[in-house]
Amino acid sequence: MLTAIAILTGVFMAFAIGANDVANGMATAVGARAITVRQAALIAAFLEFLGAVMFGATVTKTIASGIVSIDHIQDPNKVIIGAISALVAATAWVLLATYYAMPVSTTHSIIGGMVGFGLVSGGARVIYWDKLWKIVLSWFVSPVVGGVLSFIVFKILAWTMLHREHPLKAAKKVAPLMIGFTFFLISFLFSLKTLKKGYAESMRYGLIFFFVVTLVSWLLVRRFSTSDKVNDEYNAVEQIFRRVQVLTSAYVCFSHGANDVANAVGPVALIMLINRTHSTSVGSVEIPKFVLFLGGLGIALGVLLYGYKVMQTIGHDITELNNTRGFSIDFGTATTVLLSSIFGFPISTTHTVVGAVTGVGLARGIEVVNIDVLKDILISWFVTVPFSAGASALTYLALTSMMHF
């Protein structure tokens, strides 16, 4: 029965992840009108599901994400109840945040859930506080780095293309290099994070993509005709980056499905393993294929049925976006995630995207950034871990009391 409850809760968590986190990939494309909300939901649902099923198994999750030591618990059933409590708490918080259209970190939500269960089952000594402080630090580092990089990229685009006398003529020289470098970043990152390849092999894949994509982009961009009207040239430049933005957004969704499905089904796999071995000393947990399938399905349903709310916040409410701004955001986000992977820093993609959107807004002036929306988002970030921890602790105490452990 506990396993069945765990699987059901894991699917609900996957639904919540799809509803909230899809904005990381598709919000900028929707905000820049590269695609519609309906198109974004369909593309994201398909790619999230595909990423989860194809590559989700390569993402092994250490128990409690290395945040909580469970060696103090002798009864395997208590670990199972703890994992269920963490899932219930994280799901409740992410769905509540989604209802209010607030983008929050689903990874930090499940970590908060594990911390709550750890505190009531073993006290403060079982929490790896040094790792938790790194996560708290990432609340500040992620948006700042993402914002700075996106600010710089947008300024480069403005200086090299948009502010030139003939924007399209300049774009034909600059755009292929920018597009090629973007695909270098995302292929390098995908190889490193999702396929678990080494730095040298990932770099090789990245360079191959860079040269191929730069050449193809150069050949395609040449087809755009110039005009004497500067406005027509601006529109042509936006058209170039519209196509690129759809591709970069699709990558983020595919990668997210592969990497973050474990937030929902990792605890489920842990519960199934403990049930099978009757031991809490299980180390790293591999996720079975059918569990990945259910997780991918949950994420896809979350995207389709509820993903539009957070997409509206990131894509429209913080600042107005177009395709060059959206490209700058995707570029800044991908670079930040890449750097964090290299240095082993646990950042949140959600926080990075919000910072990147804000950075692009600030590049045009603080008056075009909705400070009230940003304030609400920041409050939701600070509430994430305490809320999930508290809800998890209460759920754990209630379940252990009901089952007389």
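Couple of notes before you dig in:
- Residues (among the hydrophobic types (A, V, I, L, M, F, W, C) and open to solvent by 80 Å² or more (accessible area, probe 1.4 Å)) located in the stretch 181-202: Phe181
- The set of residues in the stretch 96-137 that are within 18 Å of Ile7 (Cβ to Cβ) and surrounded by fewer than 21 Cβ atoms within 10 Å (Cβ to Cβ) is empty.
- Among the residues of this structure, Ile371 counts as one that is out of contact with any Cys (no Cβ under 6 Å at 6 or more places or on another chain), surrounded by fewer than 16 Cβ atoms within 10 Å (Cβ to Cβ), of a type in the set (Val, Ile, Thr) and under 24 Å from Ala32 (Cα atoms).
- Annotation note: of Phe327, Phe290, the sole residue that is part of a helix (DSSP H, G or I), modelled with pLDDT under 90 and open to solvent by 10 Å² or more (accessible area, probe 1.4 Å) is Phe290.
- Residue match in the stretch 24-35 (condition: of a type in the set (A, V, I, L, M), buried (at least 24 other Cβ atoms within 10 Å of the Cβ) and at pLDDT 90 or above): no
- Within the stretch 351-389, the set of residues being touching a helix residue (DSSP H, G or I) at 6+ places or on another chain (Cβ under 6 Å), under 30 Å from Ile127 (Cβ atoms) and of a type outside the set (A, V, I, L, M, F, W, C) comprises His351, Thr352, Gly355, Ser380, Thr384, Ser388.
- Test set (1) of a type in the set (Asp, Glu); (2) in a loop (DSSP other than H, G, I, E, B); (3) closer than 30 Å to Gly296 by Cα - Glu165 fails condition number: (3)
- Within the stretch 47-75, being within 16 Å of the chain's Cα centre (by Cα) and either at pLDDT below 80 or not charged (D, E, K, R) (or both) holds for Leu47, Phe49, Leu50, Gly51, Ala52, Phe55, Gly56, Val59.
- Residues satisfying the stated conditions in the stretch 355-371, i.e. part of a helix (DSSP H, G or I) and under 16 Å from Asn322 (Cα atoms): Ala356, Val357, Thr358, Gly359, Val360, Gly361, Leu362, Val368
The values are calculated or read from the model by the stated rules, or taken from the named source; none is laboratory data. What you see is a predicted model, and the numbers here were worked out from it, not measured in a lab. Cβ atoms come from the backbone with ideal geometry, glycine included; neighbour counts cover every protein chain shown. Side chains included, ligands, DNA and RNA excluded: accessible areas come from the protein's heavy atoms. Shrake-Rupley method; radii C 1.70, N 1.55, O 1.52, S 1.80 Å.
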